[in-house]
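In what follows, a structure is listed as structure tokens, so that the remarks can point back to it.
The values are calculated or read from the model by the stated rules, or taken from the named source; none is laboratory data. Note that the coordinates shown come from a computational prediction; the quantities given were computed from them, not determined experimentally. Note that each Cβ is placed from the backbone with ideal geometry, even for glycine, and that neighbours are counted across all protein chains shown. With ligands, DNA and RNA removed, areas are computed over all heavy atoms of the protein, side chains included. Shrake-Rupley method; radii C 1.70, N 1.55, O 1.52, S 1.80 Å.
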Amino acid sequence: MPEFLIGSVLAAAATGLGAVPALIFRKGTHQFKDILLGFCAGVMMAAAVFELIPRSLQMSDFIMVALGVFAGVLFLSLLETTVPHQHMEHDRGKASGDRKAFLIVAAIALHNLPEGLSVGVSYGSGVEGLGPLIALAIGLQNMPEGFLVAIYLIHQRVRAGIAFLIALLTGMVEFIAAVCGYLLTGIIESVIPFGLAFAAGSMLYIIYKELIPESHGDGHALLATYSFITGLIGMLWLISWF
């Protein structure tokens with residue numbers, strides 16, 4: 001339990017850590033944004049496809065994994081259609097001021113739910129090294145995510161200190177999801193393989209529907225693709241050490 005708390009808190013707090021450079025530079029070009037998004041997508045892809053899904057397969061069977069992946073996708077689809085939110089590249093004229101900031105935070109919170117769940121279920125699975133590895137992967141992709149959120153909010157004339165706090169608080173959603181995932185695996189052990197597949201499906205949904213399209217929307221698709229591959233290979237290197 002102490003190891004889980006430390007890992008989940010650090011992974012969630014990485015969002016705030018990533019926001020710190022935004023307070024100093026206060027600039028972020030579309031090219032740099034697309035590079036960061038591509039990197040995040042690569043890290044998440046490697047974690048989902050090369051760790052979460054294989055571990056789920058080892059603990060159950062194909063049907064359980066398939067059901068878990070589809071359940072994760074459907075869950076995120078349902079949340080996106082019912083929870084008011086707004087993505088950073090889709091803000092032209094849709095909202096203003098505090099409401100715009102709230103909608104952006106809601107979008108990031110949606111992204112953080114499956115990430116936190118993956119950390120909690122990984123620690124609760126009892127598989128040696130899986131929890132720290134997934135927490136590290138989520139923390140790595142949380143840092144550029146925090147930077148992007150803070151930069152966006154600062155460009156929307158939100159004060160730098162408030163932008164930092166908002167970025168940090170989005171990590172709380174991830175921590176709460178991690179605690180829920182961990183406690184659930186402790187109560188119902190049979191849910192572990194389904195939970196791992198569910199987290200993987202949710203992450204794959206975010207990668208394909210949000211991160212990749214966003215990273216290709218400003219004419220920097222090639223750079224974003226190289227960044228995606230770099231994030232994926234970097235995560236594979238980490239996997240090889242765990």
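Roughly how many Å² is the accessible area per residue of the chain, as a whole number, for a 1.4 Å probe?
Heavy-atom SASA per residue in the chain reads 47 Å².
Of all trypsin sites (Lys or Arg not before Pro) in the range 139-242, which ones are in loop regions per DSSP and have a Cβ with at most 12 other Cβ atoms within 10 Å? Don't skip to the end; give the middle numbers.
Values: sites: R157, R159, K209; in loops: R157, R159.
Passing sites in the range 139-242 are R157, R159.
Could you state the angle between the C-alpha long axis of helix 30-47 and the longest principal axis of the C-alpha atoms of the chain, as a value from 0 to 90 degrees rounded to the nearest 10?
In the chain, helix 30-47 runs at an angle near 10 degrees to the longest axis.
Find, among the trypsin sites (Lys or Arg not before Pro) in the range 1-54, those assigned to loop by DSSP (not H, G, I, E, B) with at most 14 other beta-carbon atoms within 10 angstrom.
Answer in residue order: R26, K27.
Given that just one value was derived from the coordinates, which of (1) 25.5, 104; (2) 17.0, 51; (3) 20.5, 64 is Rg and Dmax of the Cα atoms in Å?
Only one listed value fits the structure, namely (2).
Connecting C-alpha atoms closer than 10 Å in a GNM of the chain, tell me which of A19, A197, A106 has the biggest fluctuation.
Of the options given, A106 has the highest mean-square fluctuation.
Any chance you could give the angle, 0 to 90 degrees and rounded to 10, that helix 62-82 forms with the longest Cα principal axis of the chain?
30 degrees
Just to confirm a number: summing +1 for Lys and Arg and -1 for Asp and Glu over residues other than N142 whose beta-carbon lies under 12 angstrom from that of N142, what do you get? Can you show the working numbers first?
Numbers: positive: none; negative: E115, E145, E174.
Neighbour charge sum, excluding N142 itself: -3.
To one decimal place, what Kirkwood hydrodynamic radius in Å is obtained for the range 141-186 from all pairs of distinct Cα atoms?
One over the average 1/r among Cα pairs gives 11.6 Å for the range 141-186.
Can you list, bin by bin at 10 Å, the percent of alpha carbon pairs in the range 106-242, starting at 0?
Pairs per bin, as whole percents: 12, 37, 35, 14, 2.
Just need the relative contact order of the chain here, percent rounded to a whole number, with Cα pairs under 8 Å and 6+ apart.
Numbers: 409 pairs, mean separation 110.2, N = 242.
For the chain, the relative contact order is 46 percent.
Of L148, L183, L196, which has the largest mean-square fluctuation in a 10 Å C-alpha GNM of the chain?
Residue with maximal mean-square fluctuation among L148, L183, L196: L183.
Shape call for the range 1-62 from the C-alpha gyration tensor, a ≥ b ≥ c root eigenvalues: rounded (a/c under 1.5), prolate (a/b greater than b/c) or oblate?
Here the range 1-62 falls in the oblate category.
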